[in-house]
Amino acid sequence: MSNTTRLPLEEYFLANAKNPEAFPHATEGYGDRYNVIKEYMKTEVYPHIGTGATLADGGIYTDHSIKHFEAVIRYAGKLLAISPEDTFIGNEKLPINPYEVYLLLVSILLHDAGMIFKRSGHPKRANAIMKSMGPLAFTDSFERMEVAKITAAHGGEVVDKATGIITKDTIGQPDLKEDDALGGILFRPKLLAAIVRFSDEICEDRSRAGRFMIENDVLPEHSVIFHRYAHSISNVSVDHLSKTVRIEYRLLVEDVKSQYGKNIAENGEIEKEYIIDEISERLEKMYHELIYCRNFMYQVVDLRSIRAAIEIIDDSGDFPAPVETQTIEIKQEGFPEGHFSIKNKYPDWNGASVVAKLNESINS
């Protein structure tokens, strides 16, 4: 892996991988092992994820090439307050140790790889892929199993060990420990799982959208809104000073007025939705994920709110001009009472109302 392809978090890890005392197996080269794993995933797995997921249900999902996994690594670095301008020589300190960074990076490389089989249940399939790599990648089965557990917790559902009820509380299960150790090196599985999960949650932008397929109208109708949503995001940043995730959306008037396919109903009809409503649903989900993941990562990643800036642009004239803007702030206010609802806090901000307002301004 050349210098030009390394991301800041990878740079930190590879600089620190030169110190064998920071890792459980001092005689093994963790830097070389990481490079082997990434190259295997890049050549043998990532190119086929889209095909595997599409064959399962006929949808075309947002990008899951190497670019997506590297983007999740980039956002994990942002959560850990690593800047693209940072350089590392091996003695810098992060709030997680070098071995934890290794486990984090490998878990990210594998977190969506199970989609090569099919999308449903994909978080639980990383172990099969790791076994296929052989001992060059994973000489220690304990290490491999820890990565599998961290990866499996990034989404989906599990049967709660205490109640027997199906739950989305994948990180809170006893399979993942608060603290663990291998060869005298401490690591925190729940913390790492939370960072993987929330990095993946905020890693969504226009680079993941099938732009050519959008422009040429060749997406399966029930997948369109997912690409439209990704295409609407112009920027995502992590502001540690204000403890806020900031998201910027830019939409064209004609895109706001249209409804896009999102699902296939039981009767076979395509369910459609305005992009404004999809944005609201995604922001609510992101906030719920933040609150959940924060339970396990607050000592290292202390984020408390989400702030979205939405701009609707009229591109019909000689000069593009914003015709509607909205800022949505999601944070805990007062005594917690259930899930945050954009509909309740911003009652006039929904697809139908925004379309009516745009039509009124155009006709006036």
Problem - Choice from G156, G268, G134 with maximal GNM fluctuation in the chain (Cα, 10 Å cutoff) - result: G268
Handout entry: Fraction of alpha-carbon pairs over 30 Å apart in the chain - percent
Key = 42 percent
Practice task
Could you give the size of the charge dipole of the range 147-299 about its Cα centre, using +1 on the Cβ of each K and R and -1 on the Cβ of each D and E, expressed in debye and rounded to the nearest 20?
Solution key: 580 debye
Completion exercise
The helix 189-202 Cα axis meets the longest alpha-carbon principal axis of the chain at an angle in degrees, between 0 and 90 and rounded to 10, of 30 degrees
Handout entry: Loop trypsin sites (Lys or Arg not before Pro), the range 136-173, which have at most 15 other Cβ atoms in a 10 Å radius of their Cβ (DSSP)
Key = K161, K168
Exercise for the section: Provide, for q = 0.11, 0.15, 0.16 Å⁻¹, the log10 of I(q)/I(0) from a solvent-free Debye sum over equal Cα point scatterers in the range 207-363. Expected result: -0.51, -0.91, -1.01
Practice task
When a/c is below 1.5 the answer is rounded, else prolate if a/b is larger than b/c, else oblate, so apply that to the range 250-326 with a ≥ b ≥ c taken from the square roots of the Cα gyration tensor eigenvalues.
Solution key: oblate
Completion exercise
With label points set 7 Å from each Cα along the Cα-to-Cβ direction at S258 and K343, the distance between them in nm comes to 2.5 nm
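Multiply the residue gap between R206 and S242 by 0.36 nm, knock off their C-alpha separation, and tell me the result in nm, one decimal place. Kindly include the intermediate steps, with their values, before the conclusion.
Numbers: separation 36, 0.36 × 36 = 12.96 nm, distance 2.51 nm.
Additional length available on full extension: 10.5 nm.
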Fill in the blank from the handout: Here the FRET efficiency for E39 versus A81, based on Cβ atoms and R0 = 25 Å and rounded to 0.05, is 0.30
Fill in the blank from the handout: Protection proxy (average C-beta count within 10 Å per residue), highest first, orders 175-182, 94-101 as 94-101, 175-182
Handout entry: Leading residue at positive end of dipole, the chain (Cβ point charges), from I82, Y249, I165
Key = I165
Problem - Segment E333-K272, extension gain: residue separation times 0.36 nm, minus the distance between their alpha carbons - result: 18.7 nm
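Below 13 angstrom from the Cβ of Y30, what's the summed charge of the other residues (Lys, Arg +1; Asp, Glu -1)?
Values: positive: K18, R33, K38; negative: E10, E21, E28, D32, E100, D140, E143.
That works out to -4.
Tell me the mean residue ellipticity at 222 nm calculated for the chain from its helices only (DSSP H runs of n ≥ 4, each -39500 (n - 2.57), averaged over every residue, nearest 500).
Working: 14 runs with 152 residues, N = 364.
Dividing the helical sum by the residues of the chain leaves -12500 deg cm²/dmol.
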Practice task
Quick one: compute the contact order of the chain, relative version, from alpha carbon pairs under 8 angstrom and 6+ residues apart, as a percent.
Solution key: 14 percent
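Values in this text are rule-based calculations from the coordinates and carry no lab data. Since the structure is predicted, the reported quantities are computational estimates derived from the model, not experimental observations. Heads up, the Cβs are rebuilt from the backbone with ideal geometry, glycines too, and the neighbour counts pull from every protein chain shown.
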